[in-house]
Every structure is written in structure tokens, then in C-alpha cells.
Amino acid sequence: MSRDETLHDLQTALSMELTAAHQYQLHASVLNDWGIDRLAGKMREEMEEELGHSDAFIDRILFLKGTPNLVLEKTPKIADSLEAVFQSDLDDEKDAIKFYTDAARRANDAGDIGSQVIFERIVLDEEGHMAWLELQLDLIKRMGEPAY
């Protein structure tokens, strides 16, 4: 893996994290609108964590003498139910985990331990998000959305 490929992976990761932060922000606002303030607060915490991840990627891109491009990977979508909120976020987290795992391997193969460590650290955070989202979907399935 070359420096350009590493920078490409870091840029892709940055775009993914910015998209995730905006998606969590949108979900927090929707949940506030629905009167589910505690859950909206949790989404805002997730948004802040994703912004922290984006900072790590920006810092690494700059360290490698690249130029960060702060663009979203895709447009955030408004969900129409709690289940849709959680499922959308879960799908994105699964995609991120796969990409970061592969990017960590590529960074290792290139001897870029710094980038590898960043990808691995963030994979662990995303796995935590994934587990929480899976739990919420399981609770909705068992209890029903109105009781949730």
C-alpha cells in the first residue's frame, strides 16, 4: 500500500465519520421532535464521538502531508420510526467496521503502524455502537415500538 492509498483510506474514513456525525445529529433532532429527549441525548453523544473520530483522521491526513477534504460520503436520511433510526445507524456502523478492518490490514501491510492503530481503535468504538444498536432493535422486536 502506498502513501496515496493510505491517504485515500484516511479520506474515505473521514467522509464516513462526517456522514455518521450528521446522521446522528439528524436523528437526535427527529427524536427531540418526537418528544424522546433522552434518546436524542444519546444520539448527540454518538455524534460527538463520531466528530472525535473525524478529528483523528484529519490529524493523520495532515501528519502524512495530505489535504483533508471535509465532504460527506452520502446524504443523511430522515427515519420515520425508531426501528428505522436504529436500523439505518446499524447498517452504517457495519459498513464502517468492515472498511476500517480492511484499512487497518492495508496500513499494516504498508508498514504504516500509526494509521493502523487509528483504524483499529475506531473499529473498537464502532463495535460498541453496533452492539448498542443491535440491543435497541432487539428490545423493539420483543417489546414493540410503543412500549419501548
- Item | Residue selected from the stretch 1-47 under the condition of a type in the set (Gly, Ala, Ser), under 28 Å from residue 112 (Cα atoms) and buried (at least 17 other Cβ atoms within 10 Å of the Cβ), by the criterion nearest to the chain's Cα centre (by Cα) | 20
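When you look at residue 65, is it touching a residue at least 12 places away in the same chain (Cβ under 8 Å), among the basic types (Lys, Arg) and either in a helix (DSSP H, G or I) or surrounded by fewer than 19 Cβ atoms within 10 Å (Cβ to Cβ) (or both), yes or no?
Working: touching a residue at least 12 places away in the same chain (Cβ under 8 Å): no; among the basic types (Lys, Arg): yes; either in a helix (DSSP H, G or I) or surrounded by fewer than 19 Cβ atoms within 10 Å (Cβ to Cβ) (or both): yes.
Here the answer is no, as residue 65 does not meet what is asked.
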- Which is hydroxyl-bearing (Ser, Thr, Tyr), under 16 Å from residue 21 (Cα atoms) and touching a residue at least 24 places away in the same chain (Cβ under 8 Å), of 88, 115? 88
- Message: For the stretch 88-147, give me each residue that is within 25 Å of residue 62 (Cβ to Cβ), part of a loop (DSSP other than H, G, I, E, B) and not small (Gly, Ala, Ser).
- Response: 112
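Taken together, the values in this text are just the output of simple stated rules run on the coordinates, not laboratory data. All values reported here derive from a predicted model rather than from experimental measurement. Cβ: placed from backbone, ideal geometry, glycine included. Neighbour counts: every protein chain shown.
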